[in-house]
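**Student:** So that we are looking at the same thing, I have put the structure below in structure tokens.
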Amino acid sequence: MLDQGDTARFVRVALSRASTATEAVTEAVAQVDRRATCFVMAFVPDHLDREVLASELDRQMGGVPVFGCTTAGQITPEGYETGALMLIAFPRRYFRCASMFIDHLRDFPMQELSQKIDRIKTQFQRTAGWRRFGLVLCDGVSKAEDLLASTLQLCLGEIPIYGGSAGDGLQFQETFVLYGGQFHSGAALVLLVETALDFTGVGFDHFLPTETLMVVTNAIPEERVVLELNGAPAALEYSRKIGVAVDQLSPEVFAENPVLVRQNAKFHVRAIHSVEADHGLSFMGAIDDGLILTLGTGTEIINALDTGLDLRGPMGQRPDFILGFDCILRKLEFTQKGMLDDVSAMFRKHNVLGFNTYGEQHCGVHVNQTFVGIAFFEHTPEDLH
């Protein structure tokens, strides 16, 4: 087993594995220095009562803003977990933030979104020597993440944006973001974060394109459903291409046999969610008629993960921690292959903290079956003191 990395010094991680919301919040909040905290991110397991948890967090944090979401699993200092309430407290010494809430995500006017971002950028005064990035958490079953991610990046310009789609375990039914002391479905929250630390974004998967292509010949784009591939019923054609019977298709099979979309000379996974009626395929990202899908093949997982997380700061230093958004389909594949312990050990080695998502946002692109993260590094001492 790999040695565990150093504990993060520039954020505070609070954990509880209690079975009730009140106990979990009380135990976790007791580990947070509220007076030193600018804001908290909360990654929530699916077994805790949301209403009680939101109310208790709001009450016990005593005015410290708490932002978060329901998840498909957490990445704690121990690695992958499913039943832990995790709070990450971002101290005022190194972080500032402004927040924006978007309700009715599927119907939200993008022009209004642009205006709200412009107001935040104007009102949120810059701190000399500090850098900015955007964080987005959104409803993972809204089918609006693609437009949201691209619009946010267009509005934020040179400010990079990263994030993840909320989950609800493996149910794929209803997901929530936490804002203003309440959980909201069909919504998103955006944080404009300013930090004294150096940081860099990262996004990678472990797939390479093959020569097997499929063209979307009939689709319902607004529902992310493909009815036909190569002129044949979508599920039947996909099954034929991967050599698996259609009645054996499952999330695990989809995770091991992804389809890729080429965008800006780079391939991204466009994950399949499920088989629909009449052998249609439901996707977790944007699809349209005429889209070319390339079947992907996996590379060696642990080496790809170690390489992707082996980041260095401006002075050659390792990250203090990596805030990670890791697709649930990756975890399903790792589970299928008996690799959860190995992956968790790799996360410990590189100090990854975060959650399992229903999709990831990386610099304006909504992706699937991908690890997206932000690595934070200690700045030069003269700038910190």
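The values are calculated or read from the model by the stated rules, or taken from the named source; none is laboratory data. Keep in mind the model is a prediction, meaning the values are calculated, not measured. Cβ coordinates were reconstructed from backbone atoms using ideal geometry, including for glycine residues, and neighbour counts include every protein chain displayed. Please note that ligands, DNA and RNA were not included when accessible areas were found on the heavy atoms of the full protein model with its side chains. Shrake-Rupley method; radii C 1.70, N 1.55, O 1.52, S 1.80 Å.
**Student:** Which log10 I(q)/I(0) values does the chain give at q = 0.07, 0.08, 0.09 Å⁻¹ under the Debye formula, counting every alpha carbon as one identical point scatterer?
**Tutor:** -0.30, -0.39, -0.50
**Student:** Which residues in segment 79-103 place their backbone N less than 18 Å from a point set 7 Å from the Cα of Lys116 along the Cα-to-Cβ direction?
**Tutor:** The answer is 97-103.
**Student:** Next question, about the same structure. Relative to the longest principal axis of the C-alpha atoms of the chain, give the angle of the C-alpha long axis of helix 50-60, reported between 0 and 90° and rounded to the nearest 10°.
**Tutor:** 20 degrees
**Student:** What angle, in degrees between 0 and 90 and rounded to the nearest 10, separates the Cα long axis of helix 145-156 from the longest principal axis of the Cα atoms of the chain?
**Tutor:** 50 degrees
**Student:** What shape does segment 47-96 take by its C-alpha gyration tensor, where a ≥ b ≥ c are the square roots of the eigenvalues and a/c under 1.5 counts as rounded, a/b above b/c as prolate, and the rest as oblate? List each step's numbers first, then the result.
**Tutor:** On the way: a/c = 2.63, a/b = 1.17, b/c = 2.25.
Oblate shape, in that a/c is at least 1.5 and b/c is the bigger or equal ratio.
**Student:** Quote the relative contact order of the chain in percent (integer), defining contacts as alpha-carbon pairs under 8 Å separated by 6+ residues.
**Tutor:** Numbers: 932 pairs, mean separation 82.4, N = 385.
Over the chain, the number comes to 21 percent.
**Student:** Using a 1.4 Å probe over the heavy atoms of the protein chains, calculate the carbon and sulfur portion of the accessible area of segment 253-304 as a whole percent. Display every interim value, and only then the final one.
**Tutor:** Numbers: 1060 of 2240 Å².
That fraction is 47 percent.
**Student:** Oh, and also: Which order do the peptides 106-113, 286-293, 360-367 take when ranked by the mean count of other beta-carbon atoms within 10 Å per residue, highest first? Could you put the intermediate results ahead of the total?
**Tutor:** On the way: 106-113: 12.8, 286-293: 16.8, 360-367: 23.6.
Per-residue mean Cβ counts within 10 Å order the peptides as 360-367, 286-293, 106-113.
**Student:** Next question, about the same structure. State the three equivalent ellipsoid semi-axes of segment 250-354, derived from the C-alpha gyration tensor as the square roots of 5 times its eigenvalues, in descending order and whole Å. If you can, show how the numbers build up before the last one.
**Tutor:** On the way: eigenvalues 177, 61, 26 Å².
The equivalent ellipsoid of segment 250-354 has semi-axes of 30, 17, 11 Å.
**Student:** Right, something else. Using the heavy atoms of the protein chains alone and a 1.4 angstrom probe, what is the accessible area of segment 213-365 per residue in square angstrom? Walk me through the intermediate numbers first.
**Tutor:** Numbers: 5980 Å² over 153 residues.
Ligands and nucleic acids excluded, the figure is 39 Å² per residue.
**Student:** Also: Ranking request for peptides 330-339, 129-138, 64-73: highest mean number of other beta-carbon atoms within 10 Å first, then the rest in descending order.
**Tutor:** On the way: 330-339: 18.0, 129-138: 20.6, 64-73: 25.0.
Put in order of decreasing packing, that is 64-73, 129-138, 330-339.
**Student:** Would you kindly compute the Cα radius of gyration of segment 138-226 and its largest Cα-Cα separation (Dmax), both in Å?
**Tutor:** When restricted to Cα atoms, segment 138-226 yields Rg and Dmax of 16.6, 50 Å.
**Student:** From the Cα trace of segment 1-104, what convex hull volume per residue do you get, rounded to a whole Å³? Mind showing how you got there, number by number?
**Tutor:** Numbers: hull volume 12.5 nm³, N = 104.
Expressed per residue, the convex hull around the Cα atoms of segment 1-104 is 120 Å³.
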